[in-house]
Amino acid sequence: MIDESGEKFALGGVAEQRPWQKLYKGFADPAHDGQTPTYVGRSVPRNDVLYKVRGKARYAPNITMPNMLHGRFVRSTVPSARLVSVDVSAARAVPGVVYILTAAEIDPARLHVGSLVEDTPILAKDVVRHVGEPIAVIAAESREVAEHAATLVEIAYEETPAVLTPADALAEGAPQLHPQGNTIANLSKERGDVARALAEADFVIEGTYVNEPIDHCFLEAQSGISFFDEDGVLTLLVSTQYPHFHHKQLERVTGLPHDKIRVIQTVVGGAFGGKIDNTIECVTCLITMATGRPVKMVLDAEEVFSSTTKRHTMTIRHRLGGMKDGRITAIDMDILADGGAYTSYSPIVAGRCVVHTALPYDIPNIKAHICTTFTNNMTAGAMRSFGIVKLAFATESQINKLAEKIGMSPIQIRRINAVKDGTSTLTGQTLSAVGFTKTLDVIEPIYEARKAELDKMTLAGGVKRGLGLASLGYGIGYSGVRNPSTARLEVLADGTVIANCGTPDIGPGSDTTLAQIAADAAGISIARIRVVSGDSTKTDDSGPTSASRTTYFSGNAALVAGRDFARQFREMVAEHYALPLDQVRLDDDRIHLSNEVHEFADICAVLGDRLKTLKAYGVFNPDSALDFVTFNGNPYPTYTYATQLAEIEVDTETGKISVPHFWAAHDAGRLVNPMGAEGQIEGGVVMGLGMALYEKIVRNGGYIQNPSFRDYLLAGPKDAPGTIETFFVENLDDSGPYGAKGVAEASLIPVPAAIAAALHDAAGIWLSAMPMDQETVFKALNAQPEPKGKM
């Protein structure tokens, strides 16, 4: 039914892939230079670039199939109610409507799904818990017919009191939204004597920090198409971060055996954590099973804004104790978070916040508590940094305030309290490969130079400039659980090497990164490697693309697999030519046999069918473990660090903020692909800028008031910093592939706190709520007698 003859479905069949692979070889593969490694550390062009720039990459919304049905959700129009009746008779009578799916057609034992806890109904039954919760799906011959029929479904509600804030959820006598109550997570951890340390501190900085919910704002909505292939396998082509999760979920929901289901990732048009949970996956497949026909669903923009997961809102109450010499002696942090209607990734977000309470600082006395509740708002789920960007906004702002109280540089106070190799964290983990102070070393001269220049600068009117600094420490991978990655390498007689890597590429170029690592480990040309990722039957389950884990986890798996490939290939060649193994060498895409040198492809042709037995395998499964009751253990195998500096310009007459310059210094271990890493930093900085200054979902009574790109403010090209300078410190991590760590989420985390500090430096005001939009800034400026800052 579809052409999937190529190695990776998302990039087309063999007829499409082969010509572009030849072109790619011409600009991705350097001339033989005899140096190893050849690719790691070099800005190798992405191996999907030719497909994308020529418009040939397969995005789910663009895929069509013969005899295809189109699906459309019918959603709740109230935030909290009992479902009295769902009448689909008028919709069923519409010409072109083929099938209508409601909860009544789904086995009650298979109705609920979830990323961590199976508490989310595929379609609502008996009750609805948020506006936009799906109740039915119309499957019709065209999208237009499905949309029309959806308007004819009559739903009778018995509305119940809505719980709209975490405080309401915890109030005595509050309606209980789930059988277990209103609490999703209630986690705490203490070290030392916080009360005594605060009592003895020279300074205690107190603050309350809040944020609005925000959307992931990917351009491609959740979408997919399900069908039975010629072998009777239920197949789902879907824009996702985790095909294997959906495969397992579909096994349970459909009752089909494992080998009768296949989930294939299409090219992803943005995700940021918003394409892990179930949206269209289960309903499309259930309708295909009922009708035998392909079913396509594509959410529209308003559905994405009003009906899919959001970043958690948090109220963070924070007390920081410090001494006159700059030592931070205590943190007391209490967080109340809104998890929305269902669990999703709330436990992960909560746990990560506890673990990261003090990072990247060595603070002896810590008290951390977070309570996340259910509400009748849209479910809060995974989003870039799993909540740490909000934690950093609070902690970094507090540290900047303490530095000002002491009269100390924001660089120096961080240097005094910085974690180092050998530091013991809140969970008792001993840190290694810590490059935090190196990032301070990079930013310090820039900070001092710009500070001196701004002190001399005179700007027109009410315009003022300021500098703000913030740092981070961030754990790589999922918190305190085993989350292994695997890779498998095979070789064809023509010399093509297939690298099956389970972690999918969702846009940042991880397929290229893994190919670079595998090529160097195997000693072969990257141009002959075809990475297959995001296919639940061709690859092992290597976890999702999230938590900044791909380069470190999957990269290590690719490294092990590449070395195993080189060993097996050398052994096969040695046996064929009757040579001792030590006289066979594979590097720089050439085979060295005693004193002879042969091209890799020529030797593959000689070995022919014997190559079918070569099955190289690599697995990376670090010993990460955390007790989520005591919060003792080693939650992450490694950490990444950064310091960022923002220079902002604020018009004190209007409240408008612009960012002329931004500097980011990161410890990401060894860079596998420097240009790719730089792109991640630049994208994260702009995303953080949007969160700091513009973005918010406006809610009223459980209803989202701005469900469109027209009404939801994002940072655009003109809002991006005039310059972003990125620096990577040299700090190899021996546990990572060729010394690499990860960097994707880290680039976002310090940005809002750096912007807040720069605003204070420029205009003398501290803001503790995000976004710090123009209206908020204007009101804050006019609430004080005279702005105090630099002209």
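Tabulated data
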| item | result |
| --- | --- |
| Glu154-Lys420 pseudo-label distance in nm [points 7 Å out on the Cα-to-Cβ vector] | 7.6 |
| Cβ-placed point charges (K, R +1; D, E -1), dipole of the range 62-140 about Cα centre in debye, nearest 20 | 200 |
| Furthest towards positive pole of dipole, Leu469, Ile413, Ile446, structure part the range 350-490, Cβ charges | Leu469 |
| Kirkwood-type radius of the range 198-257, with distances r between different C-alpha atoms, in Å | 16.5 |
| Three semi-axes of the equivalent ellipsoid, the range 294-397, Cα gyration tensor, whole Å, largest first | 34, 13, 11 |
| Computed over the range 661-767, the ratio Rg/Rh where both radii use C-alpha atoms and Rh is Kirkwood | 1.08 |
| Potential extension, Asp334-Ser432 segment - 0.36 nm per residue separation minus Cα distance | 32.4 nm |
| Accessible surface, per residue, of the range 169-266 when the full set of protein chains is kept, probe 1.4 Å, Å² | 41 |
| Compactness of the range 575-627 as Cα Rg over 2.2 N^0.38 Å, two decimals | 1.69 |
| Mean-position separation - Cα centroids, the range 229-249 and the range 495-526, in angstrom | 22 |
| DSSP bridge orientation in the chain - percent antiparallel, rounded to nearest 5 | 75 |
| Largest-first ellipsoid semi-axes for the range 75-152, taking √(5λ) over the Cα gyration tensor eigenvalues, angstrom | 23, 14, 11 |
| Estimated distance in nm for a label pair at Val606 and Thr183, the labels positioned 7 Å out from Cα along Cα-to-Cβ | 7.0 |
| Burial order of peptide ranges 700-711, 546-557, 770-781, 313-324 (average beta-carbon count within 10 Å, highest first) | 546-557, 313-324, 770-781, 700-711 |
| Against the rule of thumb 2.2 N^0.38 Å, how large the Cα Rg of the range 548-613 comes out | 1.28 |
| Segment Asp582-Thr208, extension gain: residue separation times 0.36 nm, minus the distance between their alpha carbons | 128.1 nm |
| Extension reserve of the Ala574-Ser594 stretch, reckoned as 0.36 nm per residue once the Cα distance is removed | 6.2 nm |
| Residue-level accessible surface for Phe727, protein heavy atoms, 1.4 Å, Å² | 60 |
| Subset of Lys25/Lys615; Lys125/Lys696; Lys438/Lys779; Lys275/Lys538 violating a 28 Å alpha-carbon distance limit | Lys125/Lys696; Lys438/Lys779 |
| Rg/Rh (Cα only; Kirkwood hydrodynamic radius) as it applies to the range 84-202 | 1.22 |
| The range 376-478: mean projected area of Cα convex hull, nm² | 10.8 |
| Rg/Rg_ref, the range 548-701, where Rg_ref = 2.2 N^0.38 Å and atoms are Cα | 1.72 |
| Candidate aspartates and glutamates - alpha carbon under 17 Å from Lys718, same-chain residues fewer than 8 apart omitted | Glu647, Glu649, Asp651, Glu682, Glu695, Asp773 |
| Cα-projected label distance for Val481 with Asp623, points at 7 Å along beta-carbon direction, nm | 2.1 |
| From the C-alpha gyration tensor of the range 486-613, square roots of 5λ in Å | 29, 13, 12 |
| Using a Förster distance of 45 Å, the FRET efficiency for Asp494-Val94 (Cβ separation, nearest 0.05) | 0.25 |
| Carbon + sulfur, % of accessible area of the chain - ligands and nucleic acids excluded, 1.4 Å | 52 |
| R0 of 30 Å, Cβ-Cβ distance Glu200-Gln412: FRET efficiency to nearest 0.05 | 0.85 |
| Qualifying aspartates and glutamates (Cα of each under 16 Å from Cα of Lys52; at least 8 residues distant if same chain) | Glu16, Glu220, Asp505, Asp511 |
| Cubic angstrom per residue, convex hull over Cα atoms of the range 705-791 | 188 |
| Estimated Rh, the range 406-527: Kirkwood, alpha-carbon pairs, angstrom | 19.8 |
| Cα principal axis extents for the range 424-487, largest first, Å | 57, 28, 21 |
| Cβ charges +1 (Lys, Arg) and -1 (Asp, Glu), total dipole of the chain, debye | 440 |
| Unit Cα scatterers, Debye sum, the range 236-335: log10 I(q)/I(0) for q = 0.15 Å⁻¹ | -0.71 |
| Cα centroid separation, the range 640-699 to the range 200-228 (Å) | 15 |
| Per-residue SASA entry for Lys438, accessible area with 1.4 Å probe, Å² rounded to 10 | 80 |
| Net dipole in debye of the range 551-608 [+1 Lys, Arg Cβ; -1 Asp, Glu Cβ; about Cα centre; nearest 20] | 200 |
| Alpha-carbon centroids, the range 571-595 and the range 139-159: separation in whole Å | 67 |
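The values are calculated or read from the model by the stated rules, or taken from the named source; none is laboratory data. What you see is a predicted model, and the numbers here were worked out from it, not measured in a lab. Neighbour counts run over all protein chains shown; Cβ positions are idealised from the backbone, glycine included. For accessibility, only protein heavy atoms count, side chains too; no ligands or nucleic acids. Shrake-Rupley method; radii C 1.70, N 1.55, O 1.52, S 1.80 Å.
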